[in-house]
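One structure is given here, and the rest of the page talks about it.
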Amino acid sequence: MYKFFAFLDRMKYIKRWSLMRSVREENIMEHTEQVAVIAHALALIGNRFFGKNTDAKEAALYALYHETGEVITGDLPTPIKYFNEDIRTAYKDLETKAGAKLLAMLPPELAEEYEKYVLPDTEKYEYKLAKAADKISAYLKCVEEVKAGNPEFKKAKAATLKAIKGFDMEEVKYFMENIAPAYELTLDELD
């Protein structure tokens with residue numbers, strides 16, 4: 001059982017954006033925390049402003065475990081991961097096997113509880129919120145890098161924003177219109 005948690009702790013050492021030079025390095029653990037916070041916020045926004053009945057805690061848990069397989073596989077950059085259907089399918093299979101390997105490190109009584117987040121039902125709305133939050137987090141990283149003067153993230157920023165606009169979710173639109181713009185501001189402007 002201890003191996004499962006020791007493996008998850010390695011998330012803080014796995015770098016993100018490995019093909020792009022970053023002004024500030026980001027690891028999977030930091031990214032995962034941000035995705036969980038955003039997924040939770042999206043669920044609350046949906047419930048409060050759009051009359052939905054989404055489980056905000058479950059959305060946060062899907063987000064919290066959305067990168068667990070990467071402690072074994074490492075982070076594969078998005079342009080490579082989605083280059084074509086064969087690569088996408090092979091990588092999904094690899095992620096599933098990595099998740100199963102991690103779950104096998106737990107006692108069966110606990111593995112059953114973790115399985116729904118490590119190997120999620122991708123049709124659940126809370127999972128879809130976590131996926132949207134993941135894309136928003138990637139966009140916010142691009143905003144941070146471009147704001148810091150790193151032109152390598154300009155194209156990724158535009159492509160990621162386009163992908164976010166493809167989500168047909170009211171709470172995502174609300175977040176992007178009302179919350180995301182604050183990430184473009186300086187500390188002085190936030191005051």
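Yes or no, residue by residue, for (1) hydroxyl-bearing (Ser, Thr, Tyr); (2) in contact with a Lys or Arg (Cβ under 6 Å, 6 or more places away or on another chain); (3) under 16 Å from Tyr65 (Cα atoms); (4) part of a loop (DSSP other than H, G, I, E, B):
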{"site": "Ala111", "(1), (2), (3), (4)": "no, no, yes, no"}
{"site": "Leu129", "(1), (2), (3), (4)": "no, no, yes, no"}
{"site": "Leu140", "(1), (2), (3), (4)": "no, no, no, no"}
{"site": "Ala156", "(1), (2), (3), (4)": "no, no, no, no"}
{"site": "Thr160", "(1), (2), (3), (4)": "yes, no, no, no"}
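Scanning segment 162-188 for residues that are surrounded by fewer than 13 Cβ atoms within 10 Å (Cβ to Cβ) and in a helix (DSSP H, G or I) turns up Lys162, Lys165, Glu177, Asn178, Pro181, Ala182, Glu184, Leu187, Asp188. Scanning for something of a type in the set (Gly, Ala, Ser) and within 20 Å of Ala180 (Cβ to Cβ), does segment 122-132 turn up at least one residue? Checking segment 122-132: at least one residue is of a type in the set (Gly, Ala, Ser) and within 20 Å of Ala180 (Cβ to Cβ). Set side by side, the residues Ile28, Ile72, Ile80, Ile87 differ, and just one is touching an Asp or Glu at 6+ places or on another chain (Cβ under 8 Å), on the phi < 0 side of the Ramachandran plot and modelled with pLDDT under 90, which is Ile28. Against the conditions (1) modelled with pLDDT of 95 or more; (2) not in a helix (DSSP H, G or I), where does Ile136 fall short? Just the number, please. Only one criterion in (1) modelled with pLDDT of 95 or more; (2) not in a helix (DSSP H, G or I) is unmet by Ile136, namely (2).
The values are calculated or read from the model by the stated rules, or taken from the named source; none is laboratory data. Please read these numbers as outputs of a predicted model, since none were measured by experiment. Neighbour counts run over all protein chains shown; Cβ positions are idealised from the backbone, glycine included.
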